[in-house]
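The values are calculated or read from the model by the stated rules, or taken from the named source; none is laboratory data. All of these numbers come straight from a predicted model, not from anything done at the bench. Methodologically, a virtual Cβ is constructed for each residue, glycine included, from the backbone with ideal geometry; neighbour enumeration extends over all protein chains shown. Calculation scope for accessible area: heavy atoms of the full protein, side chains included, ligands and nucleic acids excluded. Shrake-Rupley method; radii C 1.70, N 1.55, O 1.52, S 1.80 Å.
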Amino acid sequence: SPILDIHNLHKTYSNGFEALKGINLQITEGSFFGLLGPNGAGKSTLINSLVGLVKPTRGQIRIAGFDIEKNKTLALMNIGVVAQEILCDPFLSVYEMLSFQSGYYGLKNNDDWIEEILENLGLTEKIQTPCRLLSGGMKRRVMVALALVHKPPLIVLDEPTAGVDVQLRNQLWQFIEKLHQKGHTIVLTTHYLEEAQNLCSEIAIINHGEIVTAGTTDELLNAI
Ligand code: ADP
Ligand code: ADP
């Protein structure tokens, strides 16, 4: 069964705008999946629906077989989402944020993994730094680290390279690639065809709140 199973998902915002119009999407465990579409297509709405940042109007989402409404805790144990928004407490250090997040998942003795994440994200030297003293790019990396503290089998990144400098971008891709090789399923959104083409084995194209087409990257590129 798919690690992510989205069935007939609708989102109408309170102003009446229909951002998602019946999304159906199955993502196989182990894949590197790109959700491609222009600005305003509904990518963030879809991603944010997976972890309750957006409340869907209608439809079902299953993560690792767990319905996000009926089995919320188990569903959330299996997914890590890097949203676009930066949410960090100005007065907490990087370590404190990661440690609290670990506690939220009921994880104790998570320091080895926290150190490994920080090393891979080039944040080791910032471990004791309070969030208010971090640059924008560092805060973004902390958001990535927070999404990984519980080693989620499914990792979802919303436009991970937006506003990130080239060096950091490459470091981030290397780490994501490493996680994929370890068996994590990766889903990312992008509005760059080239990015999806280079990284992803499967792609779905979303526009105006609907999946326009989906398939392997090779299939889709041959059809263009
Ligand atoms: P919901 O329909 O899920 O209750 P709301 O319509 O109340 O969501 O909006 C949630 C938040 O998104 C609000 O803080 C609102 O200011 C913000 N928002 C409103 N319109 C937009 C938009 N076009 N793009 C992004 N965010 C928006
Ligand atoms: P994408 O991530 O593909 O750029 P979004 O999911 O952010 O697309 O937005 C899809 C559409 O929904 C856009 O037209 C956006 O303005 C609108 N939208 C997003 N959030 C809200 C909100 N809270 N209230 C009303 N409209 C919204």
_If I model a spin label at residue 55 and residue 221 as a point 7 Å from the Cα along the Cα→Cβ vector, what separation in nanometres do I get?_
4.3
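Net charge near residue 164, counting Lys/Arg +1 and Asp/Glu -1 over other residues with Cβ under 13 Å of its Cβ?
So the surrounding residues net to 0.
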*Mind giving me the nanometre distance, one decimal, between the label points for residue 165 and residue 28, set 7 Å out from Cα along Cα→Cβ?*
4.0
_Extension reserve of the residue 115-residue 100 stretch, reckoned as 0.36 nm per residue once the Cα distance is removed_ = 4.0 nm
_Taking every alpha carbon pair in segment 20-139, what does the distance histogram look like in 10 angstrom bins from 0, in percent?_
10, 34, 33, 21, 1
*Stretch gain in nm, segment residue 201-residue 91, where the contour uses 0.36 nm per residue and the Cα spacing is subtracted*: 35.6 nm
*Once you charge only the Cβ atoms, +1 for Lys and Arg and -1 for Asp and Glu, what is the size of the charge dipole of the chain about its Cα centre, to the nearest 20 debye?*
580
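How high is the relative contact order of segment 124-198? Use alpha-carbon pairs under 8 Å, at least six apart in sequence, and give a whole percent. Don't skip to the answer; put the middle values down first.
Working: 38 pairs, mean separation 26.2, N = 75.
Averaging sequence separation for qualifying contacts and normalising by length gives 35 percent for segment 124-198.
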*segment 130-148 residues near the modelled residue 107 label - backbone nitrogen below 17 Å, point 7 Å along Cα→Cβ*: 141-148
_Karplus-derived 3J(HN,Hα), 6.51/-1.76/1.60, for each residue of segment 96-113, Hz, glycine and proline x_ = 4, 4, 5, 5, 5, 4, 4, x, 4, 8, x, 9, 10, 6, 9, 5, 4, 5
*Quick one: dipole size for segment 108-206, taken about the Cα centre, charges +1 on Lys/Arg Cβ and -1 on Asp/Glu Cβ, in debye to the nearest 20.*
300
*Can you give the calculated 222 nm mean residue ellipticity of the chain, where each DSSP H run of n ≥ 4 adds -39,500 (n - 2.57) and the sum is split over every residue, rounded to the nearest 500 deg cm²/dmol?*
-10000 deg cm²/dmol
_Among 64, 102, 120 - extreme Cα towards positive end, dipole of segment 53-148, charges at beta-carbon_ = 64
*Could you please state how large a percent of the accessible area of segment 153-197 is carbon and sulfur, counting protein chains only and using a 1.4 Å probe?*
49
*In whole Å, what is the distance between the alpha-carbon centres of segment 120-174 and segment 13-81?*
22
_Among DSSP bridges having both ends in segment 114-224, what percentage is antiparallel? Round to the nearest 5._
55
_Nitroxide proxy distance, nm - points 7 Å out along Cα→Cβ at residue 135 and residue 1_ = 4.5
*In segment 1-118, what percent of the accessible surface is made up of carbon and sulfur (1.4 Å probe, ligands and nucleic acids excluded)?*
50
*Using Cα pairs under 8 angstrom and six or more residues apart, how large is the relative contact order of the chain, in percent?*
29
*Can you tell me the order of 140-152, 159-171 when each peptide is scored by its average per-residue count of other Cβ atoms within 10 angstrom, highest first?*
140-152, 159-171
*Between rounded, prolate and oblate, where does segment 130-200 land on the alpha carbon gyration tensor, with a ≥ b ≥ c its root eigenvalues, rounded for a/c under 1.5, else prolate if a/b exceeds b/c?*
oblate
*Ordering 191, 184 by how much accessible area each has at a 1.4 Å probe, largest first, what is the list?*
191, 184
*HN-Hα J couplings of segment 86-91 from phi, Karplus 6.51/-1.76/1.60, θ = phi - 60°, integer Hz, Gly and Pro as x?*
9, 10, 9, 6, x, 9
*Looking at segment 17-80, which trypsin sites (Lys or Arg not before Pro) are DSSP coil and have at most 13 other C-beta atoms within 10 Å of their C-beta?*
70
*asked:* In Å², and per residue, what accessible area does the chain have when probed at 1.4 Å with the other protein chains present?
replied: 51
